[in-house]
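The values are calculated or read from the model by the stated rules, or taken from the named source; none is laboratory data. Bear in mind that the values here come from a model prediction, so they are computed numbers and not experimental data. Neighbour counts run over all protein chains shown; Cβ positions are idealised from the backbone, glycine included. Keep in mind that these areas ignore ligands, DNA and RNA; they rest on the heavy atoms of the full protein, side chains included. Shrake-Rupley method; radii C 1.70, N 1.55, O 1.52, S 1.80 Å.
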Amino acid sequence: MRRQALSDRILMQVDKPARYTGGEYNSVVKDKSRIAVRFVMCFPDVYEIGMSHLGMQILYGMLNTYDDVWCERVFSPWTDLDRIMRDENIPLFALESQEPVKDMDFLGITLQYEMCYTNILQILDLAGIPFMAADRTWDDPIVIGGGPCSYNPEPISDFFDMFYIGEGETKYRELIDLYKACKEAGEDRHSFLVKAAGLGGIYVPMLYDVAYNEDGTISSFKPNTENVPSVIKKEIVKDISGAYYIEKPIVPFIKVTQDRVVLEIQRGCIRGCRFCQAGQLYRPVRERDVESLKKKALELLNNTGQEEISLSSLSSSDYSKLEELVDFLIDECNDRSVNISLPSLRIDNFSVDAMSKVQDVKKSSITFAPEAGSQHMRDVINKGITEEHILKGARLAFEAGWTRIKLYFMLGLPGESNEDIEEIAVLSDKIAREFFDAVPKEKRINGPVQIVTSASFFVPKPFTPFQWAPQDTKDSFREKAYILRQAVMAQLNQKRIKFNWHETDVSVLEGILARGDRKLNAAILRAYKKGCMYDAWSDTYRDDLWMESFDECGIDISFYTTRARGLDEIFPWDFIFCGVNKEYLKSEWLRSKEAVVTPNCAVKCNGCGAAAYGVGICTERG
Amino acid sequence: MVSGYALKEVKSLNRDNRIKVRIKFSKHGPVKFVGHLDFMRFFQKAIRRAKIDIAYSEGFSPHQIMSFATALGVGVETDGDYLDIEVMSTPDCVRMKDELNAVVVDGVRIENVTVLPDGTPNAMSSVAAAGYKLYRRDGLDFNDEVIEAADRVLNSDTLIIRKENKKAKKKGRAIEGVNDVITMDIKAHVYEAELTGKAFTCLVDASSAGNVRPMTILELIYAEAGLELDPLDIQIVRCDLYREENGRLVTLDHV
Ligand code: SF4
């Protein structure tokens with residue numbers, strides 16, 4: 001039986017002890033005497049969130065196919081265990097071996113959202129690894145970050161030895177080989193970092209110097225060491241169907257957020273929604289071969305025993321073989337009593353038909369994400385759908401028997417007027433009217449229509465056309481939510497519409513961190529030392545401590561949030577090449593101001609720059 | 001390509017054709033921290049992995065026809081717990097056991113698989129008694145005072161426990177020191193009990209009417225010895241579950 005890092009006594013006292021004991025089906029335990037490199041992959045949030053993340057499972061599986069590498073996992077201990085570990089001086093440990101994280105060769109941290117930044121410091125702290133990369137020695141693991149937030153790593157640049165920019169499948173083998181060679185040759189840690197920076201896709205923050213203008217913007221960003229690239233090009237998988245994909249996903253004991261098999265059908269997105277970061281970062285679109293997906297689906301179900309399978313992509317409806325794949329899954333899953341979930345589908349004849357086969361219309365709801373209420377705003381954000389599309393989709397859903405509709409909108413989009421906000425309420429009401437029109441009284445057996453209209457606050461993100469846009473203030477967010485609430489109450493069917501909106505405080509913090517620079521490192525460390533942790537959780541989020549920390553570090557938050565950025569300003573993330581180039585983003589920003597739409601990649605290539613990778617839709621379209 | 005056993009046509013077969021099967025399992029080591037509901041989910045997935053042709057309920061989210069004899073608390077180990085499932089055809093019990101053992105995790109073992117004769121009541125309603133073993137987590141023996149106290153407690157004619165008066169509390173009528181605690185003699189529900197240096201073992205009533213917690217008895221013994229018992233210091237292992245047959249206790253897999 002594996003030795004546990006935590007005593008039974010401690011495990012009996014914490015909530016959900018199975019978060020910390022490992023040993024799940026398909027988790028990998030290797031004979032460590034035959035392992036050259038120990039890797040621990042970290043998702044800096046609680047187990048149930050981290051174990052739901054597909055990217056981490058892919059890298060875990062891939063790294064464990066290497067005979068000389070053992071990849072393990074670690075998640076943020078929940079606050080109850082956190083306290084015990086500090087009181088009793090228990091070092092953070094990896095789940096599989098239950099051995100200290102500090103003794104590993106690599107600590108890879110996946111960065112999925114900005115609100116996990118203080119949790120990274122918790123991980124380092126509990127592991128006993130110095131916060132500052134500059135203070136580390138060969139006795140510490142190499143701390144490497146990856147994931148969407150590594151596309152602006154600057155606010156957390158002090159805490160990482162390196163960031164891996166792009167898709168993880170391509171460079172880890174080389175990086176690990178380089179590490180082994182440097183260790184064998186007795187080279188120092190710094191020289192390993194310099195060599196790693198030359199591999200491509202690897203950003204080593206300490207090898208770059210930033211200079212600032214008087215107004216706080218960046219005047220220059222340059223390598224301070226020879227042979228270190230001044231631009232980091234994101235890594236992408238060229239042959240997506242041939243790339244490694246999970247074979248035996250870990251099956252958690254406790255219920256996690258995504259408690260199902262996840263099948264990634266494509267990477268990237270053809271739609272150029274101007275607010276969406278993922279849509280730009282992962283260009284160009286690359287589809288996985290449908291035959292191999294079918295085989296994979298069955299393999300994953302067999303290897304896990306999961307009772308549900310879900311498709312994953314940014315916009316599943318754009319996958320060219322979707323019908324074939326879904327029909328296949330419906331057939332197979334019916335035979336096996338496996339549930340299918342089909343997220344991110346555009347609502348049309350096909351999807352309504354497919355969903356009515358896999359869901360109980362009485363119990364489930366249909367989701368639309370128009371993102372904006374007025375056509376003008378939908379054009380500004382390049383959403384590419386009209387009111388007619390939405391109403392037609394809703395009608396199809398009502399005719400198929402659904403009565404519950406969820407609508408997602410954003411408030412605080414660039415150039416939004418009060419009328420645009422009120423249009424959200426009007427559109428919600430029109431959908432309700434569509435129901436009463438489409439479904440005659442005697443057929444309303446599932447009850448009357450119920451509409452849930454949710455609004456989140458828009459946060460501009462790097463590598464989007466809106467990276468130049470000022471973010472709304474907290475007060476303005478609240479005012480807009482109020483205007484919308486009043487507008488909903490003025491509708492004919494207001495009783496059928498439930499309106500809710502997100503927290504405003506966290507949107508502001510997210511905005512600061514998303515477009516932040518190196519100056520924020522100190523404030524994040526300070527906030528952590530004051531006790532900030534689990535900022536993504538409303539119960540644990542401490543806005544007061546964050547604001548105090550910014551104050552004490554002399555940080556003016558409006559510089560990061562509400563300030564209008566100049567067209568030629570150097571952004572902290574400009575040194576990263578993600579395919580889509582700055583000129584293109586700029587032209588999209590200007591077009592958004594005129595509410596001019598840009599067709600998607602399937603209709604027309606707009607020359608965004610991603611064709612530089614020579615793969616996917618950019619080449620296939622001829 | 002394996003297409004799974006639970007074919008649609010078979011699924012709609014008459015309920016009467018289904019075969020009831022009882023599975024006895026053990027659970028030791030770190031996996032004891034997986035709670036009852038999660039452990040049920042674990043078994044559901046293991047049964048899918050083993051491709052057992054288990055029966056499913058009808059409807060949009062079909063679930064497996066499965067029921068556990070009784071829940072096992074977080075942190076408690078077991079040498080013998082049970083679950084009943086219904087399958088679509090008479091299984092080869094040895095093969096089913098091996099197939100399941102090939103897809104479970106470290107610490108879980110299928111001890112045996114038994115086909116239940118028609119009309120056998122389900123595991124849950126048959127449980128009459130449970131055997132337990134309790135020992136110190138630090139690996140040390142119970143000390144002499146405890147052993148001597150056990151002698152007195154277990155050989156007396158009564159076993160009086162005090163417990164919270166839940167009824168009065170619920171109605172808001174509990175008065176401290178007056179009726180907030182009730183006393184009860186559980187002697188008749190403790191069938192066997194022995195404390196040696198190594199372990200405290202007992203066989204107690206586990207029916208829904210007279211269920212006895214083994215820790216309660218150990219607490220009495222410690223109290224008699226004038227010592228405080230911290231339940232976190234004690235590991236509980238369930239040894240087996242029993243049903244009654246002609247006035248005798250037999251294990252649940254004895255059918
Ligand atoms: S280069 Fe053209 S086809 Fe390729 S991602 Fe950009 S816009 Fe789309």
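Just checking, does the range A:215-231 include any residue being open to solvent by 30 Å² or more (accessible area, probe 1.4 Å) and either within 14 Å of chain B (Cβ to nearest Cβ) or within 16 Å of the ligand (Cβ to nearest atom) (or both)?
The answer is no; no qualifying residue exists.
Quick test for you: out of B:246, B:211, pick the one residue that is open to solvent by 50 Å² or more (accessible area, probe 1.4 Å) and in contact with a strand residue (DSSP E or B) (Cβ under 9 Å, 6 or more places away or on another chain). Outline the logic, then answer.
Working: B:246 fails: in contact with a strand residue (DSSP E or B) (Cβ under 9 Å, 6 or more places away or on another chain).
Of B:246, B:211, the one residue that is open to solvent by 50 Å² or more (accessible area, probe 1.4 Å) and in contact with a strand residue (DSSP E or B) (Cβ under 9 Å, 6 or more places away or on another chain) is B:211.
In the list A:603, A:597, A:580, A:615, which residue meets the criterion of being within 16 Å of the ligand (Cβ to nearest atom) and surrounded by fewer than 16 Cβ atoms within 10 Å (Cβ to Cβ)?
On the way: A:597 fails: surrounded by fewer than 16 Cβ atoms within 10 Å (Cβ to Cβ); A:580 fails: surrounded by fewer than 16 Cβ atoms within 10 Å (Cβ to Cβ); A:615 fails: surrounded by fewer than 16 Cβ atoms within 10 Å (Cβ to Cβ).
One residue alone meets the criteria, A:603.
Out of (1) closer than 24 Å to residue A:124 by Cβ; (2) modelled with pLDDT of 95 or more; (3) among the polar types (S, T, N, Q), the odd one out for residue A:598 is which?
Only one criterion in (1) closer than 24 Å to residue A:124 by Cβ; (2) modelled with pLDDT of 95 or more; (3) among the polar types (S, T, N, Q) is unmet by residue A:598, namely (1).
Residues are listed down the side, and each one gets a yes or a no for (1) surrounded by fewer than 16 Cβ atoms within 10 Å (Cβ to Cβ); (2) away from every other protein chain (no Cβ under 12 Å):
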{"site": "A:3", "(1), (2)": "yes, no"}
{"site": "A:6", "(1), (2)": "no, no"}
{"site": "A:13", "(1), (2)": "yes, no"}
{"site": "A:25", "(1), (2)": "no, no"}
{"site": "A:30", "(1), (2)": "no, yes"}
{"site": "A:34", "(1), (2)": "yes, yes"}
{"site": "A:41", "(1), (2)": "no, yes"}
{"site": "A:46", "(1), (2)": "no, yes"}
{"site": "A:50", "(1), (2)": "no, yes"}
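Yes or no: residue B:111 farther than 11 Å from residue B:21 by Cβ, away from every other protein chain (no Cβ under 14 Å) and open to solvent by 40 Å² or more (accessible area, probe 1.4 Å)?
Values: farther than 11 Å from residue B:21 by Cβ: yes; away from every other protein chain (no Cβ under 14 Å): yes; open to solvent by 40 Å² or more (accessible area, probe 1.4 Å): yes.
In short, yes.
Go through the range B:59-70 residue by residue and tally those that are open to solvent by 10 Å² or more (accessible area, probe 1.4 Å) and either closer than 26 Å to residue B:117 by Cβ or among the basic types (Lys, Arg) (or both).
Restricting attention to the range B:59-70, the residues satisfying the condition of being open to solvent by 10 Å² or more (accessible area, probe 1.4 Å) are B:59-68, B:70.
Retained after the next criterion (residues that are either closer than 26 Å to residue B:117 by Cβ or among the basic types (Lys, Arg) (or both)): B:63-68, B:70.
The number of residues fulfilling the criteria is 7.
Go through the range B:26-74 and report how many residues are of a type in the set (Asp, Glu) and either assigned to a loop (DSSP other than H, G, I, E, B) or outside the structural domain of residue B:103 (by TED's automatic domain parsing) (or both).
The first filter runs over the range B:26-74 and keeps only residues of a type in the set (Asp, Glu), leaving B:38, B:53, B:58.
Subset that is either assigned to a loop (DSSP other than H, G, I, E, B) or outside the structural domain of residue B:103 (by TED's automatic domain parsing) (or both): B:53, B:58.
Final tally of qualifying residues: 2.
Of everything in the range A:261-292, what is within 14 Å of chain B (Cβ to nearest Cβ) and buried (at least 21 other Cβ atoms within 10 Å of the Cβ)? Give them in sequence order. Before you say what the answer is, go through the steps one by one.
Taking the range A:261-292 as the starting set, the residues that turn out to be within 14 Å of chain B (Cβ to nearest Cβ) are A:261, A:291-292.
Residue satisfying the conditions is A:261 alone.
Residue-by-condition table, conditions (1) in contact with a Phe, Trp or Tyr (Cβ under 6 Å, 6 or more places away or on another chain); (2) buried (at least 24 other Cβ atoms within 10 Å of the Cβ); (3) modelled with pLDDT of 95 or more; (4) assigned to a strand (DSSP E or B):
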| position | (1), (2), (3), (4) |
| --- | --- |
| A:118 | yes, yes, yes, no |
| A:121 | yes, no, yes, no |
| A:124 | yes, yes, yes, no |
| A:130 | no, no, yes, no |
| A:134 | no, no, yes, no |
| A:137 | no, no, yes, no |
| A:145 | yes, yes, yes, yes |
| A:155 | no, yes, yes, no |
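Under 6 Å by Cβ, and 6 or more places apart or on different chains, what pairs join a residue from the range A:1-30 that is acidic (Asp, Glu) with one that is open to solvent by 20 Å² or more (accessible area, probe 1.4 Å)?
A:8/B:137; A:15/A:80
Give me a count of the residues in the range A:233-287 that are within 16 Å of the ligand (Cβ to nearest atom) and hydrophobic (A, V, I, L, M, F, W, C). Reasoning before the result, please.
Keep residues of the range A:233-287 that are within 16 Å of the ligand (Cβ to nearest atom), which gives A:233-234, A:236-238, A:240, A:266-274, A:276-287.
With hydrophobic (A, V, I, L, M, F, W, C) added as a condition, the list becomes A:236-237, A:240, A:269-270, A:273, A:276, A:278, A:281, A:285.
Within the range A:233-287, residues that are within 16 Å of the ligand (Cβ to nearest atom) and hydrophobic (A, V, I, L, M, F, W, C) number 10.
Which residue pairs have Cβ atoms closer than 7 Å, lie 6 or more positions apart in sequence or on different chains, and pair a first residue in the range A:233-254 that is within 14 Å of chain B (Cβ to nearest Cβ) with a second residue that is outside any loop (DSSP other than H, G, I, E, B) and open to solvent by less than 10 Å² (accessible area, probe 1.4 Å)?
A:249/A:261; A:249/A:300; A:249/A:304; A:251/A:304; A:251/B:45; A:253/A:18; A:254/A:18
Examine the range A:544-567 for a residue that is within 16 Å of the ligand (Cβ to nearest atom) and away from every other protein chain (no Cβ under 14 Å), and state whether such a residue exists. Talk me through it step by step, then tell me what you get.
The first filter runs over the range A:544-567 and keeps only residues within 16 Å of the ligand (Cβ to nearest atom), leaving none.
Within the range A:544-567 (the criterion being within 16 Å of the ligand (Cβ to nearest atom) and away from every other protein chain (no Cβ under 14 Å)), the answer is no, since none of the residues qualifies.
Give me a count of the residues in the range A:453-485 that are open to solvent by 10 Å² or more (accessible area, probe 1.4 Å), over 23 Å from the mean Cα position of the chain (by Cα) and touching a residue at least 60 places away in the same chain (Cβ under 8 Å).
Residues meeting the conditions: 4.
Please determine, by comparing only the residues of the range A:302-312 that are more than 8 Å from chain B (Cβ to nearest Cβ) and open to solvent by less than 30 Å² (accessible area, probe 1.4 Å), which one is nearest to residue A:26 (Cα to Cα).
Within the range A:302-312, the first condition is being more than 8 Å from chain B (Cβ to nearest Cβ), and the residues that meet it are A:308-312.
Among the residues that remain, those that are also open to solvent by less than 30 Å² (accessible area, probe 1.4 Å) are: A:309-311.
Details: A:309: 17, A:310: 19, A:311: 21 Å.
This residue is A:309.
Can you spot a residue in the range A:193-206 that is farther than 26 Å from residue A:69 by Cβ and either out of contact with any Ser or Thr (no Cβ under 7 Å at 6 or more places or on another chain) or in contact (Cβ under 8 Å) with a residue 40 or more places away in the chain (or both)? If you could, list the steps in order and put the result at the bottom.
The first filter runs over the range A:193-206 and keeps only residues farther than 26 Å from residue A:69 by Cβ, leaving none.
No: zero hits.
Select, from A:522, A:527, the only residue that is modelled with pLDDT of 95 or more, over 21 Å from the mean Cα position of the chain (by Cα) and open to solvent by less than 30 Å² (accessible area, probe 1.4 Å). Break it down into steps so the answer makes sense when it comes.
Values: A:522 fails: open to solvent by less than 30 Å² (accessible area, probe 1.4 Å).
Sole residue among the options that is modelled with pLDDT of 95 or more, over 21 Å from the mean Cα position of the chain (by Cα) and open to solvent by less than 30 Å² (accessible area, probe 1.4 Å): A:527.
For the range A:86-104, name all the residues that are in contact (Cβ under 8 Å) with a residue 40 or more places away in the chain and crowded, with 20+ Cβ neighbours inside 10 Å.
Residues satisfying the conditions are A:93, A:94, A:95, A:96, A:97, A:101, A:104.
Just to be sure, is residue B:42 under 17 Å from the mean Cα position of the chain (by Cα), at the interface with chain A (Cβ under 8 Å from one of its Cβ atoms), buried (at least 22 other Cβ atoms within 10 Å of the Cβ) and more than 17 Å from residue B:238 (Cβ to Cβ)? Full working, then the answer.
Values: under 17 Å from the mean Cα position of the chain (by Cα): yes; at the interface with chain A (Cβ under 8 Å from one of its Cβ atoms): yes; buried (at least 22 other Cβ atoms within 10 Å of the Cβ): yes; more than 17 Å from residue B:238 (Cβ to Cβ): yes.
Yes; evaluated as a whole, the condition is true for this residue.
Condition test on residue A:356, is it at pLDDT below 90, within 14 Å of another protein chain (Cβ to nearest Cβ) and either out of contact with any Phe, Trp or Tyr (no Cβ under 9 Å at 6 or more places or on another chain) or part of a loop (DSSP other than H, G, I, E, B) (or both)? Walk me through it before giving the result.
Working: at pLDDT below 90: yes; within 14 Å of another protein chain (Cβ to nearest Cβ): yes; either out of contact with any Phe, Trp or Tyr (no Cβ under 9 Å at 6 or more places or on another chain) or part of a loop (DSSP other than H, G, I, E, B) (or both): no.
It is false that residue A:356 is at pLDDT below 90, within 14 Å of another protein chain (Cβ to nearest Cβ) and either out of contact with any Phe, Trp or Tyr (no Cβ under 9 Å at 6 or more places or on another chain) or part of a loop (DSSP other than H, G, I, E, B) (or both).
Before we move on, is residue A:541 within 16 Å of the ligand (Cβ to nearest atom), open to solvent by 20 Å² or more (accessible area, probe 1.4 Å) and of a type in the set (Phe, Trp, Tyr)? Give the steps one after another, and end with the answer.
On the way: within 16 Å of the ligand (Cβ to nearest atom): no; open to solvent by 20 Å² or more (accessible area, probe 1.4 Å): yes; of a type in the set (Phe, Trp, Tyr): yes.
Considered against the rule, which asks whether it is within 16 Å of the ligand (Cβ to nearest atom), open to solvent by 20 Å² or more (accessible area, probe 1.4 Å) and of a type in the set (Phe, Trp, Tyr), residue A:541 comes out as no.
State all residues of the range A:583-594 that are of a type outside the set (A, V, I, L, M) and more than 10 Å from the ligand (Cβ to nearest atom); if no residue qualifies, say none. Outline the logic, then answer.
Pass one, the range A:583-594, residues of a type outside the set (A, V, I, L, M): A:583-584, A:586-589, A:591-594.
Once the filter is applied, which keeps residues that are of a type outside the set (A, V, I, L, M) and more than 10 Å from the ligand (Cβ to nearest atom), the range A:583-594 yields A:583, A:586, A:587, A:588, A:589, A:591, A:592, A:593, A:594.
Quick test of your reading of the structure: residue B:168 fulfils all but one of (1) open to solvent by 60 Å² or more (accessible area, probe 1.4 Å); (2) more than 14 Å from chain A (Cβ to nearest Cβ); (3) modelled with pLDDT under 95. Name the failing condition by number.
Status for residue B:168: all satisfied but (1).
Give the residue that is nearest to residue B:78 (Cα to Cα), with candidates limited to residues of the range B:235-255 that are touching a residue at least 60 places away in the same chain (Cβ under 8 Å) and among the polar types (S, T, N, Q).
My answer is B:235.
For the range A:388-421, name all the residues that are within 30 Å of the chain's Cα centre (by Cα) and either of a type in the set (Ser, Thr, Tyr) or open to solvent by 50 Å² or more (accessible area, probe 1.4 Å) (or both).
Once the filter is applied, which keeps residues that are within 30 Å of the chain's Cα centre (by Cα) and either of a type in the set (Ser, Thr, Tyr) or open to solvent by 50 Å² or more (accessible area, probe 1.4 Å) (or both), the range A:388-421 yields A:389, A:404, A:406, A:408, A:415, A:417.
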